[in-house]
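Here's the structure, in structure tokens; my notes come after.
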Amino acid sequence: MSDHYFTAEPASPEQRRTLTVRLADRRFDVHTAPGIFSPHRVDQGTAVLLAEAPPPPPTGHLLDLGCGWGPITLTLALRSPEAKVWGVDVNQRALALLRDNAADLGLTNVTAGTAQDVPADLAFDTIWSNPPIRVGKQVLHELLRTWLPRLAAGGTAYLVVQRNLGSDSLQRWLTQELEATHRGEFAVRRYTSVKGYRLLEVARP
């Protein structure tokens, strides 16, 4: 049985490989391995987010929720070198890869860890995520309930979701959930649609 990318400790052999990718308009060699999300390329949804989201804040705390080997985290760190960038995942192999990739790129503003490694009182100036849709609706909803309210005032989150994997229903749920629990504090909209993906924006004015 193969590992899921949301497995905490993948059982498959690590067997690292080098992948050449384009991040923040430059080409880099990064490490990937089996047992994580999209080990062979930058996932298409992630590529849409990286291409279409507006520039991240230059300073503050930035979060990549479900970071994998790190394309979003690394891009945030490259584009905002004065910011503190957090890459969060449950998969320990992915986190180890992200730490090594950040070190190889000379990025000292990256922290990779699980949710428990992030200070509970920390608020984020932006959250970028290709959320783990395949964990199931209940787990996904709990993940978003936990992290989206940690946007700082004036902060914005961008979530990329494939249209045929429920992006429109997720947008409706986010609107209803955040209105019910944080009345008037958040605004949810579809920021753009590209190649069958929706980029959803959650803003905290």
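None of the figures in this text is laboratory data; all of them are computed from the coordinates on show. Quick caveat: nothing in here was measured; it's all calculated off a predicted structure. Note that each Cβ is placed from the backbone with ideal geometry, even for glycine, and that neighbours are counted across all protein chains shown.
Please go through the range 92-113 and pick out each residue that is under 13 Å from the mean Cα position of the chain (by Cα) and surrounded by 19 or more Cβ atoms within 10 Å (Cβ to Cβ). Before the answer, list the steps.
Initially, the range 92-113 is screened for residues under 13 Å from the mean Cα position of the chain (by Cα), giving 94-95, 98, 112-113.
Matches in the range 92-113: A94, L95, L98, A112.
How do the pairs read when you match residues in the range 98-113 that are assigned to a helix (DSSP H, G or I) with residues anywhere that are of a type in the set (S, T, N, Q) and crowded, with 17+ Cβ neighbours inside 10 Å, using Cβ under 7 Å and keeping only pairs 6 or more apart or on different chains?
Note: pairs meeting the criteria are L98/T73.
Restricting to the range 154-205, name every residue that is of a type outside the set (A, V, I, L, M), over 16 Å from G66 (Cβ atoms), in contact (Cβ under 8 Å) with a residue 40 or more places away in the chain and surrounded by 14 or more Cβ atoms within 10 Å (Cβ to Cβ).
If the condition is that a residue be of a type outside the set (A, V, I, L, M), over 16 Å from G66 (Cβ atoms), in contact (Cβ under 8 Å) with a residue 40 or more places away in the chain and surrounded by 14 or more Cβ atoms within 10 Å (Cβ to Cβ), then G155, T156, Y191, T192, E201, R204 are the ones that fit.
Among L143, L122, L97, L107, which is the only one that is under 16 Å from L76 (Cα atoms) and either of a type outside the set (K, R) or touching a Phe, Trp or Tyr at 6+ places or on another chain (Cβ under 8 Å) (or both)?
Step by step, each of L143, L122, L97, L107 is checked, and only L107 is under 16 Å from L76 (Cα atoms) and either of a type outside the set (K, R) or touching a Phe, Trp or Tyr at 6+ places or on another chain (Cβ under 8 Å) (or both).
For the range 46-72, enumerate the residues that are of a type outside the set (A, V, I, L, M, F, W, C), closer than 15 Å to D125 by Cβ and not in a strand (DSSP E or B). Full working, then the answer.
The initial filter retains those residues of the range 46-72 that are of a type outside the set (A, V, I, L, M, F, W, C), namely 46, 52, 54-61, 64, 66, 68, 70-71.
Those still in the list that are closer than 15 Å to D125 by Cβ too: 54-61, 64.
Scanning the range 46-72 gives P54, P55, P56, P57, P58, T59, G60.
If you take the residues of the range 114-153 that are in contact (Cβ under 8 Å) with a residue 12 or more places away in the chain and among the β-branched types (V, I, T), which of them is surrounded by the most Cβ atoms within 10 Å (Cβ to Cβ)?
Only one residue fits best here, namely T126.
Residue check: is D29 surrounded by fewer than 24 Cβ atoms within 10 Å (Cβ to Cβ), in contact (Cβ under 8 Å) with a residue 40 or more places away in the chain and of a type outside the set (A, V, I, L, M, F, W, C)?
Considered against the rule, which asks whether it is surrounded by fewer than 24 Cβ atoms within 10 Å (Cβ to Cβ), in contact (Cβ under 8 Å) with a residue 40 or more places away in the chain and of a type outside the set (A, V, I, L, M, F, W, C), D29 comes out as yes.
Taking the range 99-125, which residues are closer than 23 Å to S38 by Cα and in contact with a His (Cβ under 9 Å, 6 or more places away or on another chain)?
D100, N101, D104
Name every residue in the range 122-144 that is closer than 27 Å to S80 by Cα and either over 15 Å from the mean Cα position of the chain (by Cα) or of a type in the set (G, A, S) (or both), in order of residue number.
Residues satisfying the conditions are L122, A123, S129.
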